[in-house]
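The values are calculated or read from the model by the stated rules, or taken from the named source; none is laboratory data. Bear in mind that the values here come from a model prediction, so they are computed numbers and not experimental data. Virtual Cβ from ideal backbone geometry, glycine too; neighbours counted across all protein chains shown. To get the accessible areas, we keep the full protein, side chains included, count just its heavy atoms, and leave off ligands, DNA and RNA. Shrake-Rupley method; radii C 1.70, N 1.55, O 1.52, S 1.80 Å.
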Amino acid sequence: MRERVLVVGAGIIGICCALELARAGFRVTVTDPEPPGRMTSFGNAGGIGVTEVVPLATPGTLRRVPGWLLDPLGPLSIRWRHLPRILPWLWRFHRASTPARIERAARALAALLRPTYDDLKPLLRDAGIADILVERGALTVYGSNAARQRDDWEWETKRAHGVRFEPVDATQLRALEPALSPELKCGVLAPDWSHVRDPYRVVVEFARLFEREGGTIVRHRVEGFSFDRNRPAKAHSGAIEPLGFDQLVVAAGPWSKPLAASLGSRVPLESERGYNTTLLAPGVEVSREVIFAERKFVMTPLSMGLRIGGAAEFAGLDAPPDYRRSKALLRLAQQYVPGLHTHQGEEWMGHRPTLPDSLPVIGRSPHHANVLYAFGHQHLGLTQGPTTARLIGALARGETPSIDLGPFRIDRF
């Protein structure tokens with residue numbers, strides 16, 4: 001009989017892993033309390049960020065945190081009740097910001113991002129949605145040349161790891177995106193970046209493809225595991241009979257932390273809550289993803305409207321959304337896009353699974369040979385999902401992955 005694989009999590013990472021494993025001949029079941037893609041994957045910005053090789057923890061970032069917290073339009077918010085819980089994470093974030101650790105993380109991210117299109121495009125084609133990918137690059141914009149120069153080290157780090165980009169002056173910027181305000185003085189065009197017209201549809205169509213390949217999706221929340229001869233063998237939800245498996249893939253995004261802990265691995269995983277508003281009738285045209293470097297937010301033209309999102313809020317998984325964050329982003333966007341209409345918008349909040357060094361966890365459990373981990377992809381889950389799935393597939397088959405997974409091991413902290 002074919003080996004049974006249980007994948008916990010029906011977001012972009014879990015569904016990609018499940019599809020890869022089903023195609024490799026495993027009997028695959030995906031379990032999640034929500035339908036495929038309805039949680040973190042539902043409302044993301046849609047970017048395929050192949051240029052994002054620089055981790056978030058950089059020299060001086062932590063020093064800017066107090067100013068961000070005091071700014072009502074700032075890119076960061078921490079709920080005070082959550083502060084004691086996140087202090088250890090912030091300390092690890094600070095430790096990850098040394099030049100040597102940044103370089104190690106950039107090397108690992110570059111290796112993970114390099115095959116993105118080789119892995120993504122065939123899946124889009126097989127799912128019948130190849131035209132959902134928009135390959136027009138991304139435009140990072142600045143309010144001054146001085147602000148652009150402050151990011152020189154980041155762009156040069158990207159160049160050193162194979163990222164292509166082109167400086168853009170004020171005239172070129174307006175030619176690329178006429179809707180942008182004259183307040184914006186310069187930018188950088190990254191031609192290899194792309195975006196999808198509907199990120200939720202990507203997960204839905206991949207899930208349908210997975211079911212056509214013989215996979216099964218069930219709607220249950222895994223609450224724990226039982227063991228057979230010290231080996232995880234069944235997943236329990238409390239609502240149905242236990243789900244037996246030969247191999248287990250934990251790909252539950254920010255909900256992976258307690259599952260990993262129950263399997264012997266503690267990991268400093270946090271929910272970095274992101275907010276956005278999708279404007280159904282924005283009144284302006286934007287042709288590619290635009291990244292506002294100084295204010296840390298983006299806008300992406302999607303099939304259902306213009307999505308404006310970003311911000312990072314640390315408040316845990318259970319706190320209710322604070323949609324003042326979405327409204328603050330709209331006020332910022334109106335400063336930079338003068339003709340923007342904001343009266344018809346749908347607000348959303350999602351949980352980005354974030355680790356202090358910006359590297360996901362991809363690999364085998366150090367405690368159980370039949371447990372594989374695939375979570376912590378932060379804001380790059382859509383980008384890294386298909387490649388992560390290929391690496392997990394290699395491990396499940398007992399093969400050597402195509403890149404070194406040492407930097408992504410769960411016990412690195």
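Over the chain, what relative contact order in percent results from Cα pairs under 8 Å that are six or more residues apart?
Numbers: 902 pairs, mean separation 108.9, N = 413.
Worked out over the chain, it gives 26 percent.
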**Fill in**
Rounded to the nearest 5, the percent of antiparallel DSSP beta bridges in the chain equals 70 percent
**Prompt:** Amide H to amide H under 5 Å from Phe297: which residues, 5+ apart in sequence or cross-chain, H placed 1.01 Å off N in plane?
**Reply:** Phe292
**Request:** Search the structure for amide H atoms under 5 Å from the amide H of Thr40, placed 1.01 Å from N in the peptide plane, and list their residues when 5 or more places away or on another chain.
**Result:** His351
**Item:** Relative packing of 307-316, 235-244, which averages over residues the other C-beta atoms within 10 Å, highest first
**Value:** 307-316, 235-244
**Rg to Rh quotient for the stretch 364-403, alpha carbon positions, Kirkwood Rh** = 0.99
**At q = 0.14, 0.19 Å⁻¹, base-10 log of I(q)/I(0) for the stretch 226-355 (Debye sum, equal scatterers on each alpha carbon)** = -0.73, -1.00
**Request:** Could you tally the net charge around Ile362, taking each other residue with its Cβ under 14 Å from the Cβ of Ile362, Lys/Arg +1 and Asp/Glu -1?
**Result:** -1
**Fill in**
For Glu289, the accessible surface traced by a 1.4 Å probe with all protein chains present amounts, in square angstrom to the nearest 10, to 10 Å²
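Hey, if we sort Arg352, Arg331, Arg27 by accessible area with the 1.4 Å probe, largest down, what's the order? The partial results should precede the final answer.
Details: Arg352 45, Arg331 120, Arg27 80 Å².
Putting Arg352, Arg331, Arg27 in descending order of accessible area: Arg331, Arg27, Arg352.
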**Item:** Degrees between helix 12-23 axis and first principal axis of the chain (Cα, 0 to 90, nearest 10)
**Value:** 40 degrees
**Complete:** In degrees, nearest 10, the alpha-carbon axis of helix 199-212 is tilted away from the dominant principal axis of the alpha carbons of the chain by 20 degrees
**Probe 1.4 Å, accessible area per residue of the stretch 322-365, Å²** = 41 Å²
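Hey, if we sort Tyr275, Tyr117 by accessible area with the 1.4 Å probe, largest down, what's the order? Please list the in-between numbers first.
Numbers: Tyr275 5, Tyr117 50 Å².
Heavy-atom accessible area, descending, gives Tyr117, Tyr275.
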**Message:** If the elastic network links every pair of Cα atoms under 10 Å, which of Thr383, Thr157, Thr31 fluctuates the most in the Gaussian network model of the chain?
**Reply:** Thr157
**Message:** Given the -39500 (n - 2.57) contribution per DSSP H run of 4+ residues, what per-residue ellipticity at 222 nm results for the chain, rounded to the nearest 500 deg cm²/dmol?
**Reply:** -10000 deg cm²/dmol
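Carbon and sulfur: what percent of the chain's accessible surface (1.4 Å probe)?
50 percent
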**Request:** For helix 83-95, report the angle its Cα long axis makes with the longest principal axis of the Cα atoms of the chain; keep it between 0 and 90° and round to the nearest 10°.
**Result:** 80 degrees
**Asked** Just how much of Phe225 is accessible, in Å², when a 1.4 Å probe is used and the result is rounded to the nearest 10?
**Response** 30 Å²
**Prompt:** Taking a point 7 angstrom from the Cα of Asp246 along the C-beta vector, which residues in the stretch 363-393 have backbone N less than 19 Å away?
**Reply:** 364-365, 368-373, 392-393
**Asked** With Cβ to Cβ distances under 10 Å as the rule, what net charge do the other residues near Ala127 carry (K, R +1; D, E -1)?
**Response** +2
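Using a/c under 1.5 as the rounded threshold, could you call the stretch 296-401 rounded, prolate or oblate? The axes a ≥ b ≥ c are square roots of the C-alpha gyration tensor eigenvalues, and prolate needs a/b larger than b/c, oblate otherwise. Let's see the in-between values first.
Values: a/c = 3.42, a/b = 2.26, b/c = 1.51.
Verdict is prolate for the stretch 296-401.
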**Request:** Quote the convex hull volume per residue of the chain, based on C-alpha atoms, as a whole number of Å³.
**Result:** 133 Å³
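Which order do Met39, Met349, Met299 take when ranked by solvent-accessible area (1.4 Å probe, heavy atoms of all protein chains), largest first?
Details: Met39 80, Met349 30, Met299 0 Å².
Output order, biggest surface exposure first: Met39, Met349, Met299.
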